[in-house]
Each structure stands twice: as C-alpha cells, then as structure tokens.
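The values are calculated or read from the model by the stated rules, or taken from the named source; none is laboratory data. No experiment lies behind these values; they were computed from the predicted model shown. Neighbour counts run over all protein chains shown; Cβ positions are idealised from the backbone, glycine included. Keep in mind that these areas ignore ligands, DNA and RNA; they rest on the heavy atoms of the full protein, side chains included. Shrake-Rupley method; radii C 1.70, N 1.55, O 1.52, S 1.80 Å.
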Amino acid sequence: MKKFFSFVLVLFTIGYASAQDDLLNQLNAEKSDVKDKETTAFKGLQICNIQSTKMTAKGEWYMVISHRFGDLTEGLDNFFGLDNALTKIGGIYGVTDWLSLGASRHTYNKIYELTAKYKLADQITNGFPVTIVGYNTMDINTALSTDLYPNLQFNNRLAYSTQLLASRKFSEALSFELGGVYVHKNLYDDSQELKDQYLVAAGGRCKLSKRLSVNLDYAYKINQLENAPLYQNPLTLGLDIETGGHVFQMVFSNSQPMNDVAVFTNATGKWNGGSLYFGFNMYRVF
C-alpha cells in the first residue's frame, strides 16, 4: 500500500510541474503578443517652432505662453529685440489620448489660431516603426481693416495649415521627425507668395542630460515664386529645459511670428547675415 501511495504522489508531482510549465508557457506567449508603445519621442508639444508628435493626455489642460523678441542683429537700437517683441498666449485641452484641441491669440496681426491635433498611429517596440500625428490650424486675422480693404469679407481673414507628421525615437537620446505641410491663404501678397504652398518639414531632438536637450527644425518650400526673396525657409534652433510641471524651450529662429501659417510662409530672417529672433515657449500642465 505504501508503494502505491508513493507511486501516486510521484505522478501528482510530475503532473503539477507539467501544468505549471504549460501555464508559464501560455503566459509568456500572451505577453509576447502584447504591443508595447514606445515612449514619446519629444518632451515638448513643439520641437522648436514646428509641432512635434507629442500629445496631451485625456483631461489635461496645457497653458501656452510663447514670446519672440525683435531682431537680435539690431543690437542696442532696439535693445537686442526687447523693443518690439511678439507674444502668444493660449490653451490646449486633451479631449482623448489621441485628440487635443487648442486656441491661442497672437500679437502678430492680432491673429486668433484654432488647432486640432490627432494621433493616427503609435511607434511600437519591435513593431510599427513610427508615430504618426495629424495637425490642423485655422487663423483669423483680426488686424485687417475695412479702411484699407473696403470690400473685406470675413472669409478674407482666414488662413489654414494641414500637417502630417511622422516621428521615430531611435534611442533615449535621439529622436527624429519628418512631415508634409500644406498652407492655404484666402488673402495673400501675390508679388511675394502663392495662395497654396507645400513644404517638407524635418526636426530632431538630442538629449544632453536628464533635463536638457538640444532641438532643431526646418521646413523647405517645394513651390515658391522666383525672384521673391522676402520670405525664407524657416530654420530654428532650440534648447528644452524640463522643470517639473512644465517644459521651457529657448529658441533662436529666422521667424518672429509663431502661428504655424506664418512660421512656414512668412519667415523674413536669415541665418547667414540676416535678422534673427530669440524667444521661448513655455507649457504648463494642469
């Protein structure tokens, strides 16, 4: 009888161990099917001037304050830009984890800018290679006067941008973004620009330390008027500083306006011997 019970005990032990192995194998198989989203490629909602693929979380409020001082190259004549600065103030709300809506007011042309940002795909670890985000803006130019434009209609105040952005986080220190941009203006200077403009935009982030990174973004106009040198391709260099509840960005750019339509089509400065503008972006999360 003792031999019989010993035999049963051995069989039970073997069966229990086998069941445990099967359960562990099943759990490992299920875990391997889980798609891990890569953490965000950028810390700020903007790289410098151009939008990044970072999204607001559902229910988050972001307060946005941006500033661009005047032309640095004028020196003491305008106190290195302090005499004629531009300001942007606004807010962004995360409707869902994949959709955010925003509104801001700019001193440049007294523009009100409405925005929508939406995520189309996530970068997946060992899976889908990029994060894809769409971004749309609508500008309302309230500085236009019927004294200068007697036949001015509300539609003439409007301008739009549509952007499709794809980013990849290569490592904790290095991220890159590439995008296509379309800008449409209902009112424009036909001697210097086109009604519809197309651009290719690119930007990157290189992390220097736990709280610092250097950023760069640039946009190239695919179609533009010949012999119209007033407006340049926007190029901006920035430094991200993470300070707890907000991200502070210092930037140097050849574009003083901060609304997307103007950044892409109305940059007047030049890095090689022209005007340059210093400023900052500050995002505070609530």
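Computed quantities for the displayed model
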quantity	calculated
Tail weight of P(r) past 27 Å, computed on alpha-carbon pairs of region 24-180, percent	43 percent
With every protein chain in place, region 91-156: carbon and sulfur % of accessible area (1.4 Å)	58 percent
5 angstrom amide H check on Leu276, placed H, neighbours 5+ away	Leu72, Thr73
Cα Rg, Dmax (largest Cα-Cα span) when computed across the chain, Å	26.0, 111
Base-10 log of normalised Debye intensity for region 89-203 (one unit scatterer per alpha-carbon) at q = 0.09, 0.13, 0.17, 0.18 Å⁻¹	-0.34, -0.65, -0.96, -1.03
Of all accessible heavy-atom area on region 193-286, the percent that carbon and sulfur account for (1.4 Å)	62 percent
Degrees separating the helix 2-33 axis from the principal Cα axis of the chain, which is the longest one	10 degrees
Projected label distance in nm at Phe280 and Ile222, using a 7 Å step from Cα toward the beta-carbon	3.8 nm
Separation in nanometres of the label points that stand 7 Å from Cα toward Cβ, at Leu152 and Thr96	3.9 nm
Tail beyond 17 Å, pair distance distribution of region 181-286 (Cα, percent)	58 percent
Contact order normalised by residue count of the chain, Cα under 8 Å, 6+ apart, percent	17 percent
Residue-normalised accessible area of region 151-196, given per residue in Å² at a 1.4 Å probe	54 Å²
Placed amide H near Glu38: partners under 5 Å, 5+ positions off or other chain	Gln123, Ile124, Thr125
Candidates Tyr149, Tyr188, Tyr160, ranked by Gaussian network fluctuation over the chain, Cα under 10 Å, top entry	Tyr149
Additional length obtainable on full extension of the chain from Thr107 to Arg211, 0.36 nm per residue less Cα span	34.4 nm
